[in-house]
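Chemist: Next up is a structure, given as C-alpha cells.
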Amino acid sequence: MNELIKVIVFQLKDQAYGVEVAQVRSIERIQKITKVPRTSDFIKGVINLHGETTPVIDLKGRLQIAETEPSDDNRILIVAIDGVQVGLIVDSATEVKDIDPSVIEEPPKMLKSIEDAFLKGVAKLEDGLLILLDLEQVLNFNEAIEVKEVVKE
C-alpha cells in the first residue's frame, strides 16, 4: 500500500493547488506588508513574523496568473525557500488532504519551459484536478538571491 501524501490545498484564482505539508511552516492571516523599493513586482515587501523579517511574494504574480486582489480570505503560507523564510500570498487556504500517490500524474508538457520545474504533478481527485507545486522551485536562482537581499536591507 502506498503511503498517503498530506497536502495543504489553497486557491489561486479559480484553481486548487497543493503543496506537501512538510514544505509549509505555518499559515498566517494577511498583515501589513512594508514595501521594499526596487524589487520585482511579485515581491510585495516584508513582514515582521515572530521577530523575523520575512519577504512576502504574491504567488499568483510569480506564476503569472494575475495579481491577488486583497480579501479577508487571503492567507500567507510561510515556507522555507533556499534556506530563507518566505511568505506566499494565496487567495485562500482551504484544507489539508491526504492524497494517494497513485492518482498523481506527471505535469503535462505545456510549453516545455524551465518555469514548469515547480510543478510536481497533477492529482486527479473526485472533485477535480489539484496542481501540486514544489515550493523549493518557485523562485529561480536570481529571484532567490533577490529575496535574500530584501531580508538584508
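Chemist: Filter LYS13/LYS35; LYS6/LYS152; LYS35/LYS97; LYS32/LYS97; LYS13/LYS44; LYS120/LYS152 down to the pairs with a C-alpha to C-alpha distance above 26 Å, please.
Modeler: Cα-Cα > 26 Å for LYS6/LYS152; LYS35/LYS97; LYS32/LYS97; LYS120/LYS152; rest within.
Chemist: By counting other Cβ atoms within 10 Å of each Cβ, how are THR34, THR53, THR68 ranked from fewest to most?
Modeler: Arranged by neighbour count, lowest to highest, THR34, THR53, THR68 become THR34, THR53, THR68.
Chemist: Further question on the same structure: Calculate the FRET efficiency for VAL103 and VAL21 from the Cβ-Cβ distance with a Förster distance of 22 Å, rounded to the nearest 0.05.
Modeler: Values: r = 17 Å, r/R0 = 0.79.
Result of the calculation: an efficiency of 0.80.
Chemist: I've got another one for you. With unit charges on the beta carbons (Lys and Arg positive, Asp and Glu negative) and the dipole taken about the Cα centre of the chain, which residue among LEU129, ILE65, PRO37 sits farthest to the positive side?
Modeler: PRO37
Chemist: Still on this structure, please answer the following. What net charge is computed for the residues neighbouring ILE104, neighbours being all others with C-beta under 15 Å from the C-beta of ILE104, Lys and Arg scored +1, Asp and Glu -1?
Modeler: So the surrounding residues net to -4.
Chemist: Using a Gaussian network model of the chain with C-alpha springs under 10 Å, which one of GLU136, GLU126, GLU20 is most mobile by mean-square fluctuation?
Modeler: Most flexible of the set in this elastic network: GLU126.
Chemist: Apply 1/(1 + (r/R0)^6) to the Cβ-Cβ distance of ARG38 and ASP82, taking R0 = 25 Å, and write down the FRET efficiency to the nearest 0.05.
Modeler: Once the sixth-power term is evaluated, E becomes 0.75.
Chemist: Just how far, in whole angstrom, is region 68-90 from region 1-63 if you go by their alpha carbon centroids?
Modeler: The distance from the Cα centre of region 1-63 to that of region 68-90 comes to 2 Å.
Chemist: Choose one answer from GLY87, GLY45, GLY121: the residue with the largest mean-square fluctuation in a GNM of the chain with alpha-carbon springs under 10 Å.
Modeler: Looking only at GLY87, GLY45, GLY121, the largest GNM fluctuation is found for GLY121.
Chemist: Related question: For the pair VAL96 and GLU3, what calculated FRET efficiency results from E = 1/(1 + (r/R0)^6), where r is the Cβ-Cβ distance and R0 = 25 Å, to the nearest 0.05?
Modeler: Efficiency, rounded to the nearest 0.05: 0.95.
Chemist: Compute the angle between helix 141-152 and the longest alpha-carbon principal axis of the chain, please, reported from 0 to 90 degrees and rounded to the nearest 10.
Modeler: Once rounded, the angle reads 40 degrees.
No lab work stands behind these numbers, since they all come straight from the coordinates. This is a predicted model, so every value here is computed, not measured. Glycine also receives a Cβ, built like all others from the backbone with ideal geometry; neighbour counts cover every protein chain displayed.
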